[in-house]
Amino acid sequence: MVIEKKRPKSGAMDIDFNGTYSNGGGGGAGGHSSSYALPVQPAKFGLWLFISAIIMLFSALTSAYIVRHSAGNWLRFEMPEIFWFNTFVLLLSSLTIQLSYFQLRRDKVASFKVLFAISTFLGLLFLAGQVMGWNQLREMGIYVSTNPSSSFFYLLTGAHAVHLAGGVISLIYVFVKSLLGYYSSRNKLGVELCITYWHFLDILWLYLFVFIKVTT
Amino acid sequence: MAIHTEHTEVAHKQSFITKYIFSTDHKTIARQYLITGIFWGVVGMILSWLMRLQLAYPNQPMPILEKILGKWAEGGILKPEFYVALITMHGTIMVFFLLTAGLSGTFSNYLIPLQIGARDMAFPVLNMLSYWVFFAASVVMLASFFIQTGPAAVGWTFYPPLSALKNSIPGADLGATLWLISMALFIVSSLLGALNYITTTLNFRTKGMSMGRLPITVWGMFVTAILGLLSFPVLLAGAVMLIFDREFGTSFFVPSGLVLGGQPVPHEGGNPILWQHLFWFLGHPEVYIVAIPAFSLVGEILATNARKPLFAYKVSVGAIIGIGALSMIVWGHHMYVSGMNPVLGEVFVITTLAISFPTAILVFNYLVTIWRGNLRFTPAMLFALGFLGLFIPGALTGAFLATAPVDIQLHDTYFVVAHFHFTMATSAAFGMFAGVYHWFPKMFGRMMNDKLGKLHFWGSFIGVYLIFFPMFFQGIAGVPRRYYAFTEYNFTSQFLGLNKFITIAAFVAGAAQLLFLFNFFWSIFKGKKADKNPWKATTLEWQTDSPPPHGNWGPETPVVYRGPYEYSVPGAEEDYIPQTVPVKVETK
Ligand code: HEM
Ligand SMILES: [Cu+2]
């Protein structure tokens, strides 16, 4: 974890443009020395909490899946090939977004933007691919209500897609800000948050994909 | 997220809207939660009066009911469908909207930043959103009262298949859909809150405020937030699956072979028990999400008003953490009669009995805290003592329910109703009242009336005992819960007289709440001005103005030198030493 080195002067009153007091990031309240606070940027810590809530959500869904699967009457179907392609796209986007981060760290802002834009595009491509995959399934006659196996398939992939759509929106937001010249090697928190969340969505997808593959 | 790099030192003006409505100030948000919570408390209480009227006077026309409720009480008699809607909405409103959002929302927001010496929450904008999403959830829930088919009527536990089939009963139609939407919003709101409470506690403590010096209240709110963060998403998962069953024809929870109104139901192969697991995986932690904040407020108030340090602070903190951890693995005790494997049931018996240990330790620590203390009977203190007086019988009866063979007899009887109204409902409400009386001077800068507060306490305490204690006996006699009328069988109709008595007690206890409402709103405007530290307490919030200014502290945040409970320290000038007083080095 990166520890924010710069802190406001001790006791400085921090007021941002909204008229909100802030405690200064990354350290003790009011900018005191941080021996009483976690050495983690609060926003990053908050993101990890958010991620743990999402993990609980998907643990619940997949536990339900296991229970239902073991009860029988489980239609097996072959996932359309496009889901393999989507998986590849998402993995690739994780790679490009990580590379973009390395560029930003070296202050190569132009190549950062390009790689970041590519990652965002790949994210959108993944979503479009998922929609196509669902359409192909429907053409095969496998609807949401056909069998518990298909219900769970749509439920899990749909829930993942919703979270990923949120991720894409934040990528677009950060990308626009980067066009406005916002980020540099010293100011990269927004990018880091996006990237953590994006990798998480990638791993979550791999988990779901393997999970579904093994059982259908 | 409001992360910023520039620090300007200009003062700024707040407009009415940013100050009172879309405010990011944790103190304003706390007050918004409190007032909304009180609103829901009143609604929930009115619903309970309607239920009690029906139970005391079944089939007796009361024309006034028709005037108020229209078609739900044609001829002055409550419709059975509406009675089921009443129990559903009463439970939902009291458990989630009053005792979760109202209680945690108010006191986590108000006390965490103030008691740890921070200027605000970690993410003030998310905090504001948390309130407004809760507000939206409230609007949706309230709207469901005014639709054609009426509000949800499938019990607050929303068991399928009743809740999964829209046409099973009128109350499973649009009302249940709105319930699910409202609860989904509610979960989002509580997650936003929890993110803030946890991050703030860990990251924004002022200089000197180590975890070991946190007031017990902050510990309680912190553990509660973690519980919420981990268990509410599971309910969300269940709710989404239920929405799929209801809207997209899936069969997660609907079993095969169901016949409804002579027609076979198209769903097949679902498992209704699965919902029970998902629901109670949240549902049991939820009861501690309600209880722990109340517990922690009470601990603070007992120590302050007994002028004694909280006994065994570290053990109490450990007990709270232990309760929080264990509460995640006991949910099966709600399902002993669901046909689960008896071996699994036995495992849940053991974990459930295990959770009584940390609970008992906490209660004992509190009792020792007040033992031979120099007690000051403020209204807050009375309610805190009342909390113990209600929680203890509730928790003791929990041990009976936890034992599967006994529970098979008692499950779904009034014994359970009495149990959870003692442990959770009334005791948490008492904890909340205690908190309101105690922190009101800080929140609004004025004192509440003492005499009215004490009257409120005695009316509530006696009222609550008269209402709920007899229900233990009804439950032992086998009277089932959630029934519309107890006229058919002798073993239930024998209690008709007792039911009348309970109903009268309910109205008396309700009248006492009117005293509170009057006292609360009157004191906001007309109460005596409060000074900084009316209770002579040690924690940080009492060392700043009442109410604290925007930003809580002057130019410097406070520095902490000692633990939170230095009361009656031998040799000290006064009987309390605030946390901000430096420790003198002894020189002889
Ligand atoms: C201290 C130890 C406790 C034990 C051993 C215990 C045990 C139980 C058991 C076994 C049941 C299921 C009864 C049945 O449905 O047949 C139950 C119900 C319940 N308990 Fe507890 N309990 C304890 C404390 C609490 C606390 C502290 C709260 C709340 C703060 C609480 C709230 C509830 C609620 C709300 C229900 C009923 C829910 C419903 O079916 O609608 N209990 N308890
Ligand atoms: Cu329980």
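Here are some notes:
- More than 23 Å apart - percent of Cα-Cα pairs taken over segment B:403-536: 47
- Treating each Cα of segment B:488-588 as an identical point scatterer and summing with the Debye formula, the log10 of I(q)/I(0) at q = 0.11, 0.22 Å⁻¹ comes to -0.63, -1.14.
- B:R446 long-range amide H proximity, modeled H, under 5 Å: B:A530
- Per-residue ³J(HN,Hα) for segment B:45-53, Karplus 6.51 cos²θ - 1.76 cosθ + 1.60, θ = phi - 60°, Hz, x for Gly and Pro: 5, 5, 4, 5, 4, 4, 4, 5, 4
- Normalised contact order of chain B, rounded percent, pairs of Cα under 8 Å and 6 or more residues apart: 15
- Ranked list, fewest to most other Cβ atoms within 10 Å of each Cβ, for B:M209, B:M45: B:M45, B:M209
- Helix B:313-326 axis versus longest C-alpha principal axis of chain B: approximately 30°, rounded to the nearest ten.
- Separation of the A:V67 and B:L466 label points, Cα + 7 Å toward Cβ, nm: 4.4
- Top positive-direction residue, dipole computed over chain B with Cβ charges, set B:F473, B:A143, B:F39: B:F39
- Exposure proxy for A:L179, B:L178, B:L86: other Cβ atoms within 10 Å of each Cβ, ordered fewest to most, give A:L179, B:L178, B:L86.
- Relative to its Kirkwood radius, the Cα radius of gyration of chain B gives an Rg/Rh of 0.97.
- Computed over segment A:42-215, relative contact order equals 30 percent, with contacts defined as Cα pairs under 8 Å that lie 6+ residues apart.
- Cα-based Kirkwood hydrodynamic radius, segment B:201-343, one decimal, Å: 18.1
- Ranking of B:I21, B:I216 by neighbouring Cβ atoms within 10 Å, starting from the fewest: B:I21, B:I216.
- Segment B:151-260: relative contact order in percent, alpha carbon pairs under 8 Å with at least 6 residues between: 31
- One decimal place: the segment B:L367-B:A511 gains 48.8 nm when fully extended, by the rule 0.36 nm per residue minus the C-alpha distance.
- D (Stokes-Einstein, µm²/s), Kirkwood Cα radius, segment A:42-215, 1.306 mPa s at 10 °C: 92
- Two-decimal log10 I(q)/I(0) for the protein assembly as shown, as the Debye equation yields it once each C-alpha is a single scatterer, q = 0.06, 0.08 Å⁻¹: -0.41, -0.73
- Spacing of the two label points (7 Å from each Cα toward its C-beta) at B:Q148 and B:S493, in nm: 3.8
- Residue by residue, segment B:27-36 carries 3J(HN,Hα) couplings of 6, 5, 4, 4, 5, 4, 4, 5, 5, 4 Hz when phi is fed to the Karplus relation 6.51 cos²θ - 1.76 cosθ + 1.60 (θ = phi - 60°); x denotes Gly or Pro.
- Computed 3J(HN,Hα) for segment A:84-100, one whole-Hz value per residue from the Karplus formula 6.51 cos²θ - 1.76 cosθ + 1.60 where θ = phi - 60°, is 5, 4, 4, 4, 4, 4, 5, 4, 4, 5, 4, 5, 5, 5, 5, 4, 4, glycine and proline marked x.
- Euclidean distance between Cα centres, segment B:368-383 to segment B:544-588, Å: 22
- On Cα atoms only, tilt of B:174-203 relative to the major axis of chain B in degrees: 20
- Amide H within-cut-off set for B:T413, under 5 Å, with H built and near neighbours excluded: B:R481
- Trypsin sites (Lys or Arg not before Pro) within segment A:161-197, DSSP loop, no more than 15 other Cβ atoms inside 10 Å: A:R186
- Between helix B:103-116 and chain B: long-axis angle, C-alpha atoms, 0 to 90°, nearest 10: 20
- Loop sites in segment B:516-561: trypsin sites (Lys or Arg not before Pro), DSSP, at most 14 other Cβ within 10 Å: B:K528, B:K532
- At R0 = 45 Å, FRET efficiency that the Cβ-Cβ distance of A:K108 and A:V131 yields, to 0.05: 0.85
- Taken residue by residue and averaged, Cβ atoms of other chains lying within 10 Å of the Cβ of A:141-150 number 3.
- Think of it as helices only: each DSSP H run of n ≥ 4 in the protein assembly as shown is worth -39500 (n - 2.57), and spread over all residues that comes to -21000 deg cm²/dmol at 222 nm.
All of the numbers you see were taken from the coordinates with simple rules; none came from a lab. Please read these numbers as outputs of a predicted model, since none were measured by experiment. Virtual Cβ from ideal backbone geometry, glycine too; neighbours counted across all protein chains shown.
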